[in-house]
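Input: a single structure, listed below in structure tokens.
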Amino acid sequence: MTSYKLTYFNLTARAEPIRFLLSYLNVDFEDVRFEFEEWPKIKSTMPFGKVPVLEIDGKLVNQSVAICRYLAKKAGLAGGDEWESLLIDVAVDNIYEIRQEIMNYYHESNEEIKTKLRDSIVNNSIPFYFDKFEKIVSENGGYFVNGKLSWPDLYFVSILDHLKSVIDVDLVDGRPHLTALKHKVLAIPQIKLWITKRPKSLL
């Protein structure tokens, strides 16, 4: 049996899509979490000095989106053909873009710049991206791609709470198709179980 060990901060953030997919796969995994003050000791042991890192049968791999794609293929959520796989990757990359914009705001140290960034994101970027997501999901039977569950759906829902805590905006409020998608994903038995048992985290 394949063994999985996920190492990350005590956060949802980049690791939660991986946790969702491992949970969806119904596999046991070691969920190793550490606090920020422990990072200097751990950093040198990680490939490229970054996390999350997934250890698969003793082999360490980094890059959260690549890990998700690997697990999604195992779960049958990465597309039935090359075109569907392309649409799935496009959906994930679009979600990742707005995620990165929000996180760039979060990590900005200059408060004046940070305030301007937040105003732009809240008034421009979030409506632009999330209205498009709403339209895409409304036209695809309630999912991001081809009217059925694929890993962009899990990826999207897994990061919502984290992004909301960062930008203080309910990203699916007033968007009924995205709200329905969120409820569908959270109702998947394996995901529902994960939510009930996961440790309480900072973000």
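Were the residues from Thr115 through Lys5 laid out at 0.36 nm apart, the gain over their Cα-Cα distance would be 35.8 nm.
For the stretch 135-167 versus the stretch 1-51, the inter-centroid distance based on Cα atoms is 22 Å.
Using Cβ point charges alone (K and R +1, D and E -1), the dipole size of the chain about the Cα centre works out to roughly 500 debye. Averaging the sequence gap over all C-alpha pairs within less than 8 Å and six or more residues apart, then dividing by the number of residues, gives the stretch 109-203 a relative contact order of 25 percent. Give me the 1.4 Å probe accessible area per residue for the chain, excluding ligands and nucleic acids, in Å². Averaged over the residues of the chain, the accessible area is 53 Å².
Two tests apply to each whole DSSP H helix in the chain, Cα reach of 30 Å or more along its axis and mean Kyte-Doolittle hydropathy of at least -0.5, and the ones passing both are 82-107.
Once backbone amide H atoms are built at 1.01 Å from N, Leu149 has no partners under 5 Å, excluding neighbours fewer than 5 places away on the same chain. Looking at the chain, the DSSP beta bridges with both ends there are about 60 percent antiparallel. Under the simplified labelling scheme, the Asn123-Asp57 pair shows an inter-label distance of 5.5 nm, with each label point 7 Å from Cα along Cα→Cβ. Each stretch of four or more DSSP H residues adds -39500 (n - 2.57); spread over every residue of the chain, this sum gives -17500 deg cm²/dmol at 222 nm.
By definition, a body whose alpha carbon gyration tensor gives a ≥ b ≥ c is oblate when a/c is 1.5 or more and a/b is not larger than b/c, and the stretch 134-203 fits this oblate description. Would you work out if the stretch 22-128 is rounded, prolate or oblate? Take a ≥ b ≥ c from the square roots of the eigenvalues of the alpha-carbon gyration tensor; rounded if a/c is under 1.5, else prolate when a/b is larger than b/c, oblate otherwise. Oblate shape, in that a/c is at least 1.5 and b/c is the bigger or equal ratio.
With a ≥ b ≥ c taken as the square roots of the eigenvalues of the C-alpha gyration tensor of the chain, please select rounded if a/c is under 1.5 and otherwise prolate if a/b is larger than b/c or oblate if it is not?
Oblate shape, in that a/c is at least 1.5 and b/c is the bigger or equal ratio.
Shown for the chain: the carbon plus sulfur share of the solvent-accessible area, taken with all protein chains present and a 1.4 angstrom probe, equals 52%.
The values are calculated or read from the model by the stated rules, or taken from the named source; none is laboratory data. The shown structure was predicted, so the numbers you read here are calculated from the model rather than taken from an experiment. FYI the Cβ positions are ideal-geometry reconstructions off the backbone, even for glycines, and counts take in every protein chain you see. For the accessible areas, the whole protein counts, side chains as well, though only heavy atoms, and no ligand, DNA or RNA atoms are used. Shrake-Rupley method; radii C 1.70, N 1.55, O 1.52, S 1.80 Å.
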